[in-house]
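> Below are the structure tokens for one structure; questions will follow.
The values are calculated or read from the model by the stated rules, or taken from the named source; none is laboratory data. Computed from a prediction, not measured in an experiment: that's the story for all the values here. Here the Cβ positions follow ideal geometry from the backbone for every residue, glycine too, while neighbour counts run over all protein chains shown. These accessible areas exclude ligands, DNA and RNA; they are computed on the full protein's heavy atoms, side chains included. Shrake-Rupley method; radii C 1.70, N 1.55, O 1.52, S 1.80 Å.
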Amino acid sequence: MNYYNLKDKQETVDFKTASIKSQGRQKGLFFPENIPQFEKEFIQNLHLYSDEEIAFRCMKDFINEEIPAEIIQEIAAETISFEIPLKKINDRISVLELFHGPTLAFKDVGARFMSRCLSYFLKNENKKVTVLVATSGDTGGAVAHGFYNVPGINVVILYPKNRVSQVQEKQLTALGGNISALEVNGNFDDCQDLVKQAFGDENINTELFLTSANSINIARWLPQQIYYLLALKQWKQQENENPVICVPSGNFGNICAGLLAYFRGLPVEHFVAACNENDVVPDYLKTNQYQPKKAAATLSNAMDVGDPSNFTRILELFDHQFEKLKTVVSGYSINDRSTLETIKEVYEKYGYILDPHSAVAFASLEQYLNENSGKKGFILGTAHPVKFPEAVEKAVPITIEIPASLEALMKKDKKTVEINPDFEELKRFLLNKNQEQ
Ligand SMILES: *Cc1c(COP(=O)(O)O)cnc(C)c1O
């Protein structure tokens, strides 16, 4: 499969190049040259296929000959080697729990797939690759765990000091090995600026082979389709009608993967994009005007995005036809107050604890279903509530227990290097690190 650059359609690359380079010229995102269709028989009989087989069939056409089939099979199986259950919350709304992976967030899926593809492609290169990421919390943990102990790869993560939750910080800083965590005396934007400068620095780029692992990378984006299939497999065992699927959205990579699966033939009634107060896309769906804004800080901070990077992929999928997009996708914006109320209400009525991101989705889907009676659906549960204890415990009088899988990590020491938001400090670190190898 080849991929073209959405900003410069003359530039086409293969899967390998797209997953190593992340972006094309002018920072354009890559997009598949054609949308491979699912076979009808496969979609109608998902229950006859194992989860591993579903994952393999979902991915293989995007990679073709570039990775041998048996290796894609292995990578696909490892990508989903934790449970992804669809649970009923009430008789209209279920939740697809995507938070049983190593960092308790759905980003584990994409990070695991991407790390294994890169490792395959770089096996025979003698230059080490450095994956450089800035994180506000979730991305860094998923990338760290996805790449932990992957040969040929060093990971350097920048995060804002004192601005990530305790669990998130451990996930970033306690692994050691090929993972380095830099604690930046600044905010997330400072971290992102430093990373951008490093990608533009000639000196660094001759010494090291830098790559990014953010959500625009196709090797992180495409595998997110897998769990939409796994959800449908479970959904059909309980329901006859197609589901409304509601996705808590920030950069819109997750919902865009679901839409891609829909265009390949996955039966879905409707998509709901659930946003917090950062409502650029719900606004667009109302007005047909796309107006990026400065991101506002909210309780569901992984969705604090003012100019979602995957929006352009959504437009491409719909051939830039606004009316068509509106028939498939609705958008809602939920503020922090409603988020907390939703966590409280869902806990009191159904005994289910939502994290703030999933709560935004629950409130959005509930609104949509109230406006469209007779339908049912599910939300994507994108994070475990223990990752956001301050918010959850503000809403309900409970202490969330740390899952057993995290206990060992929580006992480990934090290892970080503190830096100021000064590019020279980052540069020195990267070049020294490279000397050590
Ligand atoms: C990253 C993230 C999101 C947003 O996903 P996008 O693909 O950026 O839309 C939602 N919830 C959680 C918990 C996240 O970590």
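> Calculate what fraction, in whole %, of the accessible area of the chain sits on carbon and sulfur atoms when a 1.4 Å probe is rolled over the protein chains.
Working: 7890 of 18030 Å².
In the chain, the share of accessible area belonging to carbon and sulfur is 44 percent.
> Here is a follow-up. So how much accessible area does SER81 have, in Å² to the nearest 10, using a 1.4 Å probe?
My reading of the accessible area for SER81 is about 70 Å².
> Could you state the accessible area per residue of the range 107-225 in Å², with a 1.4 Å probe and every protein chain left in place?
Working: 3870 Å² over 119 residues.
Per residue, the range 107-225 has 32 Å² of solvent-accessible surface.
> Using the Karplus equation 6.51 cos²θ - 1.76 cosθ + 1.60 (θ = phi - 60°), what ³J(HN,Hα) coupling, rounded to whole Hz, does each residue of the range 160-166 give in order, writing x for Gly and Pro?
x, 4, 6, 10, 10, 6, 4
> Something else about it: Once phi is turned into ³J(HN,Hα) by the Karplus curve 6.51 cos²θ - 1.76 cosθ + 1.60 with θ = phi - 60°, what whole-Hz value does each residue of the range 44-57 show in order, with x for glycine and proline?
My calculation for the range 44-57 gives 6, 10, 3, 5, 8, 9, 6, 4, 5, 5, 4, 4, 5, 5 Hz in order.
> Give the residue list of chymotrypsin sites (Phe, Trp or Tyr not before Pro) in the range 140-213 that are DSSP loop and have at most 16 other beta-carbon atoms within 10 angstrom. List each step's numbers first, then the result.
Numbers: sites: PHE147, TYR148, PHE188, PHE199, PHE209; in loops: TYR148.
Counting only loop positions with at most 16 other Cβ atoms within 10 Å, the chymotrypsin sites (Phe, Trp or Tyr not before Pro) in the range 140-213 are TYR148.
> Length gain on complete extension for the stretch LYS411 to ASP61, per 0.36 nm per residue less the alpha carbon to alpha carbon distance? Could you put the intermediate results ahead of the total?
Numbers: separation 350, 0.36 × 350 = 126.00 nm, distance 4.24 nm.
Contour length minus the Cα-Cα distance gives 121.8 nm.
> A follow-up question, please. With a 1.4 Å probe and all protein chains kept in place, how much accessible area does HIS47 have, in Å² rounded to the nearest 10?
Rounded to the nearest 10, that gives 100 Å².
> Would you kindly derive the ³J(HN,Hα) couplings of the range 392-398 from the backbone phi angles with the Karplus curve 6.51 cos²θ - 1.76 cosθ + 1.60 (θ = phi - 60°), listing them in order in whole Hz, with x for Gly and Pro?
Each residue's phi maps through the Karplus curve to give 5, 6, 5, 8, 10, x, 9 Hz.
> Label the range 234-311 by shape, choosing from rounded, prolate and oblate, from the square roots a ≥ b ≥ c of the eigenvalues of the Cα gyration tensor; if a/c is under 1.5 it is rounded, and otherwise prolate applies when a/b is larger than b/c, oblate when it is not. Each step should come with its number before you reach the end.
Values: a/c = 2.46, a/b = 1.94, b/c = 1.27.
Here the range 234-311 falls in the prolate category.
> To the nearest 20 debye, what charge dipole does the range 23-92 have about its Cα centre, counting +1 at the Cβ of each Lys and Arg and -1 at the Cβ of each Asp and Glu? Walk me through the intermediate numbers first.
Numbers: 8 positive and 14 negative charges, 115 e Å.
So the dipole magnitude of the range 23-92 works out to roughly 560 debye.
> In addition: With the Cα gyration tensor of the range 48-187 giving a ≥ b ≥ c as the square roots of its eigenvalues, does the rule (a/c under 1.5 for rounded; else a/b larger than b/c for prolate; else oblate) give rounded, prolate or oblate?
oblate
> Starting from the residue with the highest accessible area, list TYR284, TYR352 in decreasing order, probe 1.4 Å.
Values: TYR284 20, TYR352 40 Å².
Correct descending sequence by accessible area is TYR352, TYR284.
> Please calculate the 1.4 Å probe accessible area of SER309, with all protein chains present, and give it to the nearest 10 Å².
In the full protein context, SER309 sits at about 30 Å².
> Let me know the shape class of the range 9-131, please: from the alpha-carbon gyration tensor, a ≥ b ≥ c as square roots of the eigenvalues, rounded when a/c is under 1.5, otherwise prolate if a/b is greater than b/c, or oblate. If you can, show how the numbers build up before the last one.
Details: a/c = 1.75, a/b = 1.54, b/c = 1.14.
Prolate, since a/c reaches 1.5 and a/b exceeds b/c.
> I need the per residue convex hull volume for the range 279-399, using only the alpha carbons, in cubic angstrom as a whole number.
So the per-residue hull volume is 116 Å³.
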